[in-house]
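A quick write-up on the structure given underneath.
Rule-based calculations on the coordinates, nothing more; no lab input. Note that this is a predicted model, so its numbers are computed, not measured.
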Amino acid sequence: MISLGSTVLGLIIAIPAAWSMAFVPGKQTKNVLMWMLSTKMLPPVGVLIPIYLIFRDFGLLDTKTGLVIVLTLINLPIIVWMLYTYFKEIPGEILEASRMDGASLRDEIIYVLTPMAVPGIASTLLLNVILAWNEAFWTLNLTAAKAAPLTAFIASYSSPEGLFYAKLSAASTMAIAPILILGWFSQKQLVRGLTFGAVK
């Protein structure tokens, strides 16, 4: 629920942002994209205390809503970057034609751009579900018991007495099984999306 929620929220924010950067670029578009990418390279521990204090003040600690928000924010640069590269491969003339036919900006994004970029959006969605699913740092530091996902559950098998190898192995297998199954069934779509626009 947390990984899917953060990915869907990220797509809702990133599709209009990537559209504007791809089709209505400004003077600072490249700088904004580079700045967004640099935030992904920032060590998370550097912003842990401010985010922890903000979450504490807003009552978001140990809540699913808080985890959805933080996972959306940390994965948003990758979502925007991936969608931007896919959107850049779509001819702008198609969007101009839809405008001439009377499509509004909303219609242009929802009914023209999004269906053409389905392979790219699908691969972006899958990749970010995996990134959110595997996130351990934020889930361990911002949750305790009420909203703890699989990463916190697996970490609970480590204790001062030692590691419970059998339970740890079983929990880890159950944690990676959904992602392996999802990847297996969507590998064709993923490869198509990752190579979208690579061959002309």
Cross-link reach from Lys64 to aspartates and glutamates, straight Cα distance under 15 Å and at least 8 residues apart if same chain, gives Glu135
Calculated [θ] (222 nm, deg cm²/dmol) that DSSP helices of n ≥ 4 give over the chain, each run adding -39,500 (n - 2.57) = -22000 deg cm²/dmol
Quick shape check on the range 41-83: root eigenvalues a ≥ b ≥ c of the Cα gyration tensor, a/c under 1.5 is rounded, otherwise prolate if a/b tops b/c, else oblate, and it reads oblate
Using only Cα atoms, find the angle between the long axis of helix 48-57 and the longest principal axis of the chain, and express it within 0 to 90 degrees, rounded to the nearest 10.
-> 90
Among (1) 57; (2) 53; (3) 43, the entry derived from the coordinates for percent of Cα pairs over 22 Å apart | (1)
Mean Cα-pair separation over length for the range 2-194, i.e. relative contact order, pairs under 8 Å, 6 or more apart, % | 30
